[in-house]
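K.L.:
The structure that follows is given in the form of structure tokens.
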Amino acid sequence: MSSESEVYTYGKAKLARKILPWLFLAPMLTMIFLSWIAPVILTVYLGFTDLSIKNFLAFIRNFFTPEVHITLDNFRKIFFGEDPYISEVLKITVLYVVSVLSINAFYALFLSISIAYFIKNEFVSMFLRVSWLIPRIMPGIIYALLWNWFIDPDYGMLNKMLMLVGVPETMLPHSWLLDKPYSQILMIIVNGYVGASFGMIVYTAAIKSIPPDLINAALVDGASDFQVAKNIIIPLLKWPMLFVISWQTLSLLASYEYILMIWGAGGGGGYAGIAKAAGVMVWSLYSYSKAFSEYAYGYASAISLVLVVVGIVLIYVYFRIFGFKKLMAPSRIEV
Amino acid sequence: MARKKVVKYSRSRALLWTVAKYLAVVLIAVIPLIPIWTMVLWLFMQSFSSKVIMGIVPAGLTLNNWRFLWAPLKMGLKEYPNIWPITFNTLALALGVSGLVVFVSVLGGYALSRMEFKGRTPLMEFIIALHAFPSIILLIALFVILNKLGLYGKGFMTLVGIMLIKAGLEIPMATWIIKGFFDAIPWDIEWAALVDGCSRWRAWRSVILPQVLPGIGAISIFSFLSGWSEFILVFTYVKNEAYYTLPVLIYHMIGEYKFIDWGLLSALGLFFTIPTLIFFSTSQKLLLRIYVGGIKR
């Protein structure tokens, strides 16, 4: 009798041990399903439909309404030039990603060598690091507000500062938001400030983890700080650099909040027209504007779907290159 | 004699290197910060001044820029919604996101850190993959889901829907961070409690939880701030002005008030930044650690 109940409680405990983790995980899995998995599946589906403002309500009432057609038209538009604006968007996106990426990956390298190695005073070094983090930490809309002020030709400081260092007035644009090469330069700089701190954080942690003996030995042998940077630090930063480049490629491809906020708020009128006129319509913003200012939800999803596929492929590649352990490592870095 | 010469030569060379080094530091790390410092200084100076000279030198102290706190804002015929209900919306969104994120991710993080179950490693990989995946491109599908749930155009309920979505987007990262805090607690402490006859739940509540309080503090502040400054979800899904949050109000006001009243905009901006300033001045170390761990781009 007693042994039977023992077996019973043992079995119960075993069952409880199996179920308990899932009870703990259930809320998390539900939320992840709602915010990540369902939307990804839905984006795939919507990309193959002609969902727009016309059949949207019917679709919400019934996901399988005959008013929504399954079609490949969206992809024909994207890949076979039926949407003439796509090639322009692609050009701007390449310009955007490549330029901001080089700030984030390479400029940040020199930045962190300067801050973490050349400057020996801990207080100054910390002060500069925090200053570089300001654009990232500050709420996005405030960043947009500050830039809108800074570039204002009458009230702002940008044109005045440039004139102070000797840039002739004729070379300055009337409007940094709208005049074309200038608006694209602004787009790169604004996002570069936010991204530079990413590289800085990753590299600084890597530089601090280089054994001091290695550097001291070189210094004793008469190497200058520049030689140490070139021959010891940079070669050791190969992996962190690859990490920054691959991680940032994906986030830059998908990022458009700052462009939307700065051009949308400052341009007056709708963000879509302004972004087109200013030549800052990047791929993800194009998808957003197709959906929420032209209400072509199906087509917009197809444009997003391209990014979803690119994202999944890139994430797969990260796992292959870096492995699970290395990907987790950046979560444990101290500034 | 010859030796002295060598020393002298290497000394002047070292001096040259030092000069070059600091020149590089100034060019690379200091000069590009001038615009950022200027902007931040301007925000503070402008908000209390009727005029600023060269962007940062205040002239004429005034509180007129802060009139939105006690008087309705009018622009021609258009009247902007009162600031306090909008602040309430923002606060509700931020607190809701923060509460949900903490509750869900503490449970999930504990299970991932401490429990053995099938599929633990794949689940952790999946969470890291989600962290890398840019959620912002899912906005259209989330719009459809919001509509399907009947939460679109429903006033405050729309904000509740946004709260759910935002919390869901923050949860993978928060879970990961809190898992790190759980990992740092030695098994022995929990073990001791269990041996002394605590139930697992009891051990969790009275032994483990107090140890991860800093972690909980960190993710609650972090998710509060991210809900507080959430822009794009509210901008896209809320069309009724009464349910705007502060970032969306500021967005619309920049377009109307630039050229006319930078003082008002800066005061409004500073008002909105107060929580960020408070949290960063009180728990800077903790937050920097999270910002560093939780960086997305």
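K.L.:
For a quick check, take a GNM of chain A with Cα springs below 10 Å and name the residue from A:L252, A:L242, A:L214 with the largest mean-square fluctuation.
P.N.:
Sorting by GNM fluctuation, first place goes to A:L214.
K.L.:
Right, another one. If packing is taken as the average count of other Cβ atoms within 10 Å, what order do B:87-93, B:191-197 fall into, highest mean first? Numbers along the way, then the final one.
P.N.:
Values: B:87-93: 18.4, B:191-197: 12.1.
My ranking of the peptides, most packed first, is B:87-93, B:191-197.
K.L.:
Also, quick follow-up: Between A:A272, A:A105, A:A206, which gets the highest mean-square fluctuation from a Gaussian network model of chain A, Cα cutoff 10 Å?
P.N.:
Of A:A272, A:A105, A:A206, the Gaussian network model singles out A:A206 as fluctuating most.
K.L.:
Something else about it: Along Cα→Cβ, 7 Å out, is where each label goes; now give me the distance between the ones at A:L162 and B:C198 in nm to one decimal.
P.N.:
Here the modelled spin labels are 6.3 nm apart.
K.L.:
My understanding is that a pair violates if its Cα-Cα distance is over 26 Å; which of A:K276/B:K154; A:K276/B:K258; A:K230/B:K179 do that in this structure? Write out the running numbers ahead of the final one.
P.N.:
On the way: A:K276/B:K154 32 Å; A:K276/B:K258 21 Å; A:K230/B:K179 38 Å.
Too far apart for the 26 Å limit: A:K276/B:K154; A:K230/B:K179.
K.L.:
Just checking the output field for A:242-248: average partner chain Cβ neighbours within 10 Å of each residue's Cβ?
P.N.:
Mean shielding by partner chains, rounded to a whole number: 1.
K.L.:
With a Förster radius of 35 Å, plug the Cβ-Cβ distance of A:I245 and A:K180 into 1/(1 + (r/R0)^6) and report the FRET value to the nearest 0.05. Could the numbers behind the result be given before it?
P.N.:
Numbers: r = 28 Å, r/R0 = 0.80.
E(calc), rounded to 0.05, equals 0.80.
K.L.:
I'd like the FRET efficiency for B:K118 and A:K12, computed as 1/(1 + (r/R0)^6) with the beta carbon distance as r and R0 of 22 Å, rounded to 0.05.
P.N.:
0.70
K.L.:
Here is a further query. Find the centroid of the Cα atoms in region A:197-232 and in region A:117-170, then give the distance between the two in whole Å.
P.N.:
Each part reduced to its Cα centre gives a spacing of 28 Å.
K.L.:
Next question, about the same structure. Rounded to the nearest 500, what is the protein assembly as shown's calculated 222 nm mean residue ellipticity when only DSSP H runs of at least 4 contribute -39500 (n - 2.57) each, over all residues?
P.N.:
-22000 deg cm²/dmol
K.L.:
Continuing with this model, one more query. Where nothing but the Cβ of Lys and Arg (+1) and of Asp and Glu (-1) is charged, how large is the charge dipole of chain B around its Cα centre, in debye to the nearest 20?
P.N.:
Using Cβ point charges on Lys, Arg, Asp and Glu, chain B gives about 1420 debye.
K.L.:
Separate question: Please give the length that would be gained between A:V310 and A:M126 if that part of the chain were fully extended, namely 0.36 nm times their separation in residues minus their C-alpha to C-alpha distance (nm, one decimal).
P.N.:
Details: separation 184, 0.36 × 184 = 66.24 nm, distance 3.69 nm.
Additional length available on full extension: 62.5 nm.
K.L.:
Now for a separate question. What is the projected area of the convex hull of the Cα atoms of the protein assembly as shown, averaged over all directions, in nm²? Can you show the working numbers first?
P.N.:
Numbers: hull surface 150.6 nm².
For the protein assembly as shown, the mean projected area of the Cα convex hull comes to 37.7 nm².
K.L.:
Where a Cα-Cα gap under 19 Å defines reach, which aspartates and glutamates qualify for B:K166, not counting those fewer than 8 residues away within the same chain?
P.N.:
A:E257, B:E230
K.L.:
Moving on to the next point. Let's test the formula: R0 of 45 Å, r as the Cβ-Cβ distance of B:N240 and B:V57. What FRET efficiency results, to the nearest 0.05?
P.N.:
Result of the calculation: an efficiency of 0.60.
K.L.:
Just subtract the alpha-carbon distance of A:F63 and A:F106 from 0.36 nm times their residue separation and send over the number in nm, one decimal.
P.N.:
10.7 nm
K.L.:
Same structure, new question: Under DSSP H, which helices of chain A have Cα atoms covering 30 Å or more of the helix axis and a Kyte-Doolittle average no less than -1.0? Walk me through the numbers on the way to the answer.
P.N.:
Numbers: long enough: A:2-32 (44 Å, 0.33); A:180-208 (41 Å, 0.93); A:297-328 (39 Å, 1.62).
Helices meeting the criterion: A:2-32, A:180-208, A:297-328.
K.L.:
Further question on the same structure: Please list log₁₀ I(q)/I(0) at q = 0.11 Å⁻¹ for region A:177-335, using the Debye equation with identical point scatterers on the alpha-carbon positions.
P.N.:
After summing over all Cα pairs, the log10 values are -0.63.
K.L.:
Peptide A:101-110: average number of partner chain Cβ atoms within 10 Å per residue?
P.N.:
Shielding by partners across A:101-110 averages 1.
K.L.:
To continue, here is another question. Give me A:Y107, A:Y193 sorted ascending by neighbouring Cβ count inside 10 Å, so fewest comes first. Please report the intermediate quantities before stating the final value.
P.N.:
On the way: A:Y107 17, A:Y193 22.
Ranking A:Y107, A:Y193 by Cβ neighbours within 10 Å, fewest first, gives A:Y107, A:Y193.
K.L.:
Shifting gears a bit: For chain B, set up a GNM with springs between Cα atoms under 10 Å and report which of B:S105, B:S12, B:S206 has the largest fluctuation.
P.N.:
Its mean-square fluctuation being the largest, the pick is B:S12.
K.L.:
Using the alpha carbons of region A:53-163, what is the convex hull volume per residue in cubic angstrom, as a whole number?
P.N.:
It is 251 Å³ per residue.
K.L.:
State to the nearest 20 debye the size of the charge dipole of region A:1-113 about its Cα centre, where the only charges are +1 on K and R beta carbons and -1 on D and E beta carbons. Intermediate values should be presented prior to the final figure.
P.N.:
Details: 9 positive and 8 negative charges, 74 e Å.
For this selection, approximately 360 debye.
K.L.:
Share of Cα-Cα pairs in chain A beyond 33 Å, in percent?
P.N.:
46 percent
K.L.:
For B:K21, A:K120, B:K148, B:K179, which order do you get if you count the other beta carbons within 10 Å of each Cβ and list the fewest first?
P.N.:
Ranked by crowding around the Cβ, least crowded first: A:K120, B:K148, B:K21, B:K179.
K.L.:
For region B:106-233, I need the span (max minus min coordinate) of the C-alpha atoms along each principal axis, in Å, sorted largest to smallest.
P.N.:
The principal-axis extents, from largest down, are 54, 30, 23 Å.
K.L.:
At q = 0.06, 0.15 Å⁻¹, what log₁₀ I(q)/I(0) does chain B have when each alpha carbon counts as one equal point scatterer in the Debye sum?
P.N.:
At q = 0.06, 0.15 Å⁻¹ the computed log10 ratios are -0.32, -1.22.
K.L.:
Here is a follow-up. What helices in chain B pass both tests, a Cα length along the helix axis of 18 Å or more and a mean Kyte hydropathy of -0.5 or higher, using whole DSSP H runs?
P.N.:
B:2-25, B:33-47, B:83-114, B:120-132, B:156-183, B:213-228, B:262-282
K.L.:
Moving to a separate point now. Mind putting a number on the dipole of the protein assembly as shown about its Cα centre? Charges go on the C-beta only, +1 for Lys and Arg and -1 for Asp and Glu, and I need it in Debye to the nearest 20.
P.N.:
Dipole magnitude for the protein assembly as shown comes out near 1460 debye.
Read the figures in this text as sums done on the coordinates, not as results from a lab. Quick caveat, the model's predicted, so the values are computed rather than measured. Cβ sites come from the backbone with ideal geometry, for glycine too, and all protein chains shown count toward neighbours.
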